[in-house]
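A short reminder: the numbers here are calculations on the coordinates, not readings from a lab. All values reported here derive from a predicted model rather than from experimental measurement. Cβ placement follows ideal geometry from the backbone for every residue including glycine, while neighbour counts extend to all protein chains displayed.
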Amino acid sequence: MKTEFGRFGGQFVPPHVIIALNELEAAFNEAIKDETFIEEFKYYLRNYVGRPSPLYFAENLTKKLGGAKIYLKREDLNHTGAHKINNTIGQILLAKRMGKKKIIAETGAGQHGVATATTAAMFGMECEIFQGAIDMQRQRLNVYRMEMLGAKVTSVEQGTKTLADAVDYAINEWVSRIDDTFYLLGSVVGPHPYPTIVRYFQKIIGEEAKRQIIEQEQQLPDYLIACVGGGSNAIGLFADFINDETVKIIGVEAAGKGLNTKDHAATLTLGKEAIIHGMNTKAVVEEDGSISPVYSISAGLDYPGVGPEHAFLQDVKRATYESVTDKEAVEAFLELSQVEGIIPAIESSHAIAYVMKFAPTLSKDKVIIINLSGRGDKDVELVKSYLEK
């Protein structure tokens, strides 16, 4: 079993898919040793995505909470409005290198779908995005954006009609189109080598943040905090700090309507070891061991599993994982908007909500970095509807 994360990860897929995954792994390992490939990746990050993204001292929020200094890693300022494009640029360059002409992807909140459609348009590739029917309703703006960028958006009507089902559908489609199609997976999930590939293309977040915080504070941060669904924005921030033992790492999951209900997506808080989407990880499961339907106001955190590296980091006690309810996330969405003039994605609002409770318990010399993984334009209608109810 191929894995880089202890007993977590692996390739729990049919034999012919393993052949395709091994081909992908070989191409990836070759690409990241090729200076031309790396330079092209860096060129697009700099000149197309707009990197480096700023590390912003949230002075107003810090003063209001009265505890630790709070910094925001501004992934919301990337082209397309989230961290997702770091990964889609890297993977589409890999697809091009492998001679693939068609791109498929899954999406929940639509940010990965938009980033995939954007990069496919730029590189002139055919693109199809699979999105759960419920997520299409709550993220209509992003559906329109994907279509305007030239992608075909296919509604997934099975199961809970959310992110987990979109992943299932995309994997099944890829299996039937493997010869000419590249599956551009959006998070650090799925069978090996996908979690490793996505991690590689997202670690730029933490690499930049480390340089920036040393420049601004002359020290490493005390805490890194990021929301976790599949977990790519979090691993992107955490990766470069994992060996820095003084830095504490906290992931924040969706508690939905409460951990005492079935309406949550708190995988690492309440889940068990299980196999989902071709990987051994932790997942929310029923008593019979089947994968549970999960819930969050956030389409991007509404996922019953988690990236295998997060399961591993929890297992070895390198990271801890907390959870935040819909109500707390909406309050944080409004708070950051009104205190700092920054409207965050509802996903990122989970991390902000946790910091709003946590920062006041710390002394003023402590330093927190939150990964502000996306902007909240897509969520304005959703939050408005929630508040009206």
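Sequence-distant or interchain residues sharing an amide H contact under 5 Å with residue 280, placed H: which?
The list, which skips near neighbours in sequence, is 9, 10.
May I ask you to list the residues of region 187-209 whose amide nitrogen lies under 12 Å from a point 7 Å from Cα along the Cα→beta-carbon direction of residue 97?
Those under the cut-off are 197, 201.
Would you grab the residues whose amide H sits under 5 Å from the one on residue 156? Only those 5+ places off in sequence or on another chain, please, with H modelled 1.01 Å from N.
So residue 156 has HN proximity to 131, 132, 133.
Give the peptides 246-255, 42-51 in descending order of average Cβ contacts within 10 Å, highest first.
Descending packing order for the listed peptides: 246-255, 42-51.
Projecting each Cα onto the charge dipole of the chain (Lys/Arg +1, Asp/Glu -1 at the beta carbon, about the Cα centre), which of 175, 359, 6 comes out farthest on the positive side?
Of the listed residues, the answer is 359.
Between residue 35 and residue 16, what is the label-point separation in nm under the 7 Å Cα-to-beta-carbon projection?
Roughly 4.2 nm, to one decimal.
For the chain, find the longest principal axis of its Cα atoms and tell me its angle to the long axis of helix 163-177, 0 to 90°, nearest 10.
20
So between residue 220 and residue 43, what do we pick up on full extension, going 0.36 nm a residue minus the alpha carbon distance?
61.0 nm
At 222 nm, what value in deg cm²/dmol follows for the chain if DSSP H runs of at least 4 each add -39500 (n - 2.57) and the sum is divided by all its residues, to the nearest 500?
-13000 deg cm²/dmol
Antiparallel versus total DSSP beta bridges in the chain: what percent is that, nearest 5?
30
Defining a contact as two alpha carbons under 8 Å apart and six or more residues distant in sequence, what relative contact order in percent does region 163-285 show?
Relative contact order here is 21 percent.
Could you identify which residue out of 85, 369, 242 has the top mean-square fluctuation in a GNM of the chain using Cα springs shorter than 10 Å?
242
Any idea what log10 I(q)/I(0) is at q = 0.14, 0.16 Å⁻¹ for region 84-232, Debye with uniform C-alpha scatterers and no solvent?
Log10 of I(q)/I(0), two decimals: -0.67, -0.84.
Can you tell me how much longer the chain between residue 60 and residue 320 gets when fully stretched, taken as 0.36 nm per residue apart minus their C-alpha distance, in nm with one decimal?
Separation in residues times 0.36 nm, less the Cα-Cα distance, equals 90.9 nm.
Could you compute the FRET efficiency for residue 177 and residue 140, with r as their C-beta to C-beta distance and R0 at 30 Å, rounded to 0.05?
0.65
7 Å from Cα along Cα→Cβ at both residue 23 and residue 152: what's the point-to-point distance in nm?
Output for this residue pair reads 2.1 nm.
If I fit a long axis through the Cα atoms of helix 84-97 and take the longest principal axis of the Cα atoms of the chain, what angle between them do I get, 0 to 90°, rounded to 10?
Long axis of 84-97 versus the principal axis of the chain: about 20 degrees.
For the chain, what ratio Rg/Rh do Cα atoms give with a Kirkwood hydrodynamic radius?
0.94
I want to verify a result. In a Gaussian network model of the chain, Cα cutoff 10 Å, which of these has the top mean-square fluctuation: 268, 336, 362?
Fluctuation is largest for 362.
Would you mind checking which residues have amide H under 5 Å from residue 126's amide H? H placed 1.01 Å from N; only 5 or more apart, or other chain.
Those lying under 5 Å, H to H, from residue 126 are 103.
Hey, any idea what the orientation-averaged projected area of the convex hull of region 230-336's Cα atoms comes to, in nm²?
7.3
So if I take the centroid of the Cα atoms in region 165-212 and the same for region 124-145, what is the distance between those two points in Å?
That distance is 17 Å.
Which angle between 0 and 90 degrees, to the nearest 10, do you get for helix 111-122 versus the longest principal axis of the chain when only C-alpha atoms count?
Result, in degrees: 50.
Just grab the label-to-label distance for residue 242 and residue 121, each label 7 Å out from Cα along the Cβ direction, in nm (one decimal).
3.5
To the nearest 0.05, how large is the calculated FRET efficiency for residue 380 and residue 272 if R₀ is 30 Å and r is the Cβ-Cβ distance?
0.25
Over region 237-339, what is the mean sequence separation of C-alpha contacts under 8 Å (at least six apart), divided by residue count, expressed as relative contact order in percent?
After rounding, I find 31 percent.
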